[in-house]
Structure formats: C-alpha cells, structure tokens
1. Among rounded, prolate and oblate, which fits region 194-308 when a ≥ b ≥ c are the square roots of the eigenvalues of its C-alpha gyration tensor, a/c under 1.5 means rounded, and a/b larger than b/c means prolate?
2. Can you sort Met364, Met397 so the residue with the fewest Cβ neighbours within 10 Å comes first?
3. Would you mind checking which residues have amide H under 5 Å from Thr391's amide H? H placed 1.01 Å from N; only 5 or more apart, or other chain.
4. Summing Lys, Arg as +1 and Asp, Glu as -1, what charge do residues with Cβ under 11 Å from the Cβ of Pro83 carry, Pro83 excluded?
5. Within the chain, which whole H helices from DSSP have a Cα span along their axis of at least 20 Å and a mean Kyte-Doolittle hydropathy of 0.5 or more, if any?
6. For region 16-133, what are Rg and Dmax over the alpha carbons, in angstrom?
7. Beyond a 26 Å Cα-Cα separation, which of these cross-linked pairs lie in this structure: Lys66/Lys254; Lys115/Lys254; Lys74/Lys103; Lys103/Lys209; Lys365/Lys395?
8. Treat the count of other C-beta atoms within 10 Å as a stand-in for reagent exposure and order Asp199, Asp356, Asp207 from fewest to most.
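Please treat every number below as a calculation from the coordinates, not as lab data. From a predicted model like this one, the values you see are computed outputs, not experimental measurements. In this analysis, Cβ positions are derived from the backbone assuming ideal geometry, glycine residues included, and neighbour counts consider all displayed protein chains.
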Amino acid sequence: MPAVPAFQTSPGMRDILAPESARWRRFTGVFADVVERAGYGLLITPLLEDLGVFTRIGDATEVVTKEMYDFVDKGDRHVALRPEMTASVCRAFAEHRPTTPWKLWYSGSNFRYEKPQRGRYRQFDQVGVEVLGADDPHLDVEVIALAWEFYARLGLTQVTLLVNSLGEPDDRARYVEALRAHFTTAGDALSEQSRATLDRNPLRVLDSKRETDQGLISTAPQIADFHSTDAADHFEAVLGGLRALDIPFTVEPKLVRGLDYYRRTIFEFQGGTLDSAQNALGGGGRYDGLVEALGGPATPGIGFALGVDRTLLACDDEGVFDADPVVLDAFVVDVTGGLEAVKLTAALRAAGFAADRGYDNRSMKAQMKLANRSGAKFALIVGDDELAAGTVVVKPMHGGGAQVAVERSAVSSHLASLSDQNRNES
Ligand code: HAM
C-alpha cells in the first residue's frame, strides 16, 4: 500500500494534473475567443484586496459574512482572498477611471469557505465579463448572448437560462419589506433555517429548497408587481432582445441570486445534469450601485461569471469538450550516451515539432517502451551505427509504414513530409 503523504491539499482545494489541466487552458482559450471578438479586453486583478473591497458586496451575503478568507497581513492591513471578481473590477474602475463603456473579461481563482462537495470547492475558478458605464438593455442581451454562445462552443446542450429583474433599488427595498411581512405572518410555518435567513435577507428565503417552505414561497408577493415603469420597460427590452436572438429563457420570479449588489436584470445558467444544490453553472446581472459604494462615480455595471469547475463537470456529464492530451510528433531514443538526444530534440522543437525523449541512458528496450507510452507518432532512434553514419532511424509507432534511416540534417523535413502525407490521406 502506498505510504500516506505527509501533506495533501486542504479540503475543497485540488491539484489539476495534465491532461485535465490542458482542458482548463483550452476552456479559457475558447472563452477568450468568444468575448474578445465582441470587444472585451482581459483585466487581471490581484488575488488579494483590502477586506473593504469585498464587504461592499453586501453584509447580507454569506460569501461576505461567513465564507471570506481574510487575515491581517504583516503590514497590519486587513486583507482577503477574493471570493469573486466583480468587486475587484469595480475597485479597478474607481481607481483607473477608464473610458466607458469599459468592456472586460477575466479568469482566475476565487476563495470561499464553503462546505466542499461535488461542484462546490473552497478554491474554484471563474471566467467572466463585465461592462461598466452603459445602461442599455441591449447590453444585458449582449452579455447573456456571449455566455450562450460560449456554452454552444463547448458543445453543451442541456443549459437553461433563467432571468428576472430585481427592479430599481426602491422597488427592491419595497419588495423586501413585503416579503418580510409575508413570511413573518407565517410564523412557525416557515422552517427554522429560513426564519434565520429572513432576519438577514428576506429575498434569500425564496431560494429555500426545504419542502416545508414551498407553500409559503408559492404564495409570496412577486417582484414584478413592485417594478417601477422604468424597471419594467428595461426588463421588457432585455426579454425582447433575447427573443430577437432566439435565446430560450424562462422568467423565474423567485430567482434572487446570492450576492447583494444586484439591481434590475439578473440571470442564471443552470446545468440539466447536475444536482440542484450546485446546478448553477454561472450567473450575473446588473450592479448599478457597486462602483459608487467603492468610492467611484455613479456607474451602471453588468456582467456574469461562469464557474469553470462546474461547467467542466457538466461537460463530463454530457460527454462533450473532452480533455485531449498533447500529441507528440516524435520521441527520441538515444542509446549512445544521450548527447544526440539533446541535440535532436532541441532541433525538432525549434522546427515546431512536439518532441520528447528518454533520460538516464536507459536501455533500448526501456526507451522504446517509453516512446510507446508517450503516444508519439514516430520514434527517432540513434544507435552506434546511426551515430557513425550521421543518420537517424524514423520508426512509425502507429499504423503501418516501414522504418527508414534518414540523414540527421533531413529529419525535420522528413517528418514534415510524413505529416503532410498523413493529412492528405485523412
Ligand atoms: P456567483 O453566482 O457567486 O456570482 O458565482 C458564479 C458562478 O461561480 C456560480 O454559478 C458557480 O458556477 C461558480 N461558483 C461559485 N461558488 C463556487 C464554489 N464554491 N465552487 C465551485 N464553483 C462555484 C458571482 O461570483 C458574480 N461575481 C457574478 C457576476 C459577475 N455578477 C455580475 N458580474
């Protein structure tokens, strides 16, 4: 039995090894391709910020009250690892005052002290976009459409889009009070956990999955009845844009989202294959007061973040966007001491081939085994005879084809002609 290692990753944190890690990189690459074509530029912000940046997310948000990784650093600053990126983006906007509309995308790790389970980690990754400085409902449509296109590029087909509007801040405040009254009148009929939630944030009671709460939730006031004319018009324009793009959606009046900063449009993408506790593949909305709360000018904002970990689980479930390992063109087997392998692999890599080699001067048999396991298309073999003759034996590792001895200086062009040949045949 293997010995238990002295250290393992902390709960809710994971190592991602190749080839899975290559899939992660490809995931970000596809996302970048989708959003950069739409004029979004990459923003990189620090992993760690002043705690105050994140407390502006709202004190009724569990992400802030219970799940923050915060500590006092050696300079006596109270800092925190970011639990999400929207607050950092708004801090960056207030700090740099870029021209608007400021369209940006990001990718990276976030930290929340949650109870780990499948699809829920303490360190997790997101990709996302934000746009600051534009109020246009068609921008809401644009960002939703980008996420929708990204899911299609991954090959996911079982994603559902839920949308709702929380109205203007006043509408939202009146709605929260109406909900508080509705649930308070019910007294003990509400589950104990939801009564605790009611004290902190009545909106979140609507998220309860507990059977006992469902009756009261179904008779609760509806946000649409509290929308101001402006909020209702804005929302109608968003829905009209989604219809114009043939993006299927469901208006879900109970959708409230977990973060406090949202105003007006909110949306969530749910994966059809995941358990309801972690089926949110991504979500977003408008957060028109957040820049101001961070000391900047009043600035409308909208965006979304998609959970990388969860979206890849959904890809696994749907059997799409597989990990494909790097395919090596050549594996160099040198049984003359290893210096030939040093030169040959360097020359091949410089010529644009993916090449690897055996180390430690192992036997021909052992190195051929490695060549086989590597999945390389060709083994390039240098023995004493080849060394003396200035040649290399090129041995196809898959399918037919005879091995041939090739002049050392002609190896790259020979491999290139073989791959052209393969391309033409396939
Ligand atoms: P969020 O809903 O907290 O929104 O997170 C977005 C997505 O990140 C979730 O739908 C989920 O896929 C993923 N996620 C969240 N927590 C975890 C976790 N513990 N483990 C794995 N995945 C997780 C935000 O973060 C907002 N900043 C989105 C946004 C951007 N709103 C406007 N702009």
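1. rounded
2. On the way: Met364 13, Met397 17.
Going from sparsest to densest Cβ surroundings: Met364, Met397.
3. Result for Thr391 returns Arg408.
4. -2
5. Long hydrophobic helices here: 137-154.
6. Rg, Dmax (Cα atoms, Å): 15.5, 43.
7. Details: Lys66/Lys254 24 Å; Lys115/Lys254 24 Å; Lys74/Lys103 35 Å; Lys103/Lys209 36 Å; Lys365/Lys395 14 Å.
Check vs 26 Å cut-off fails for Lys74/Lys103; Lys103/Lys209.
8. Working: Asp199 10, Asp356 20, Asp207 16.
Ascending Cβ contact count within 10 Å gives the list Asp199, Asp207, Asp356.
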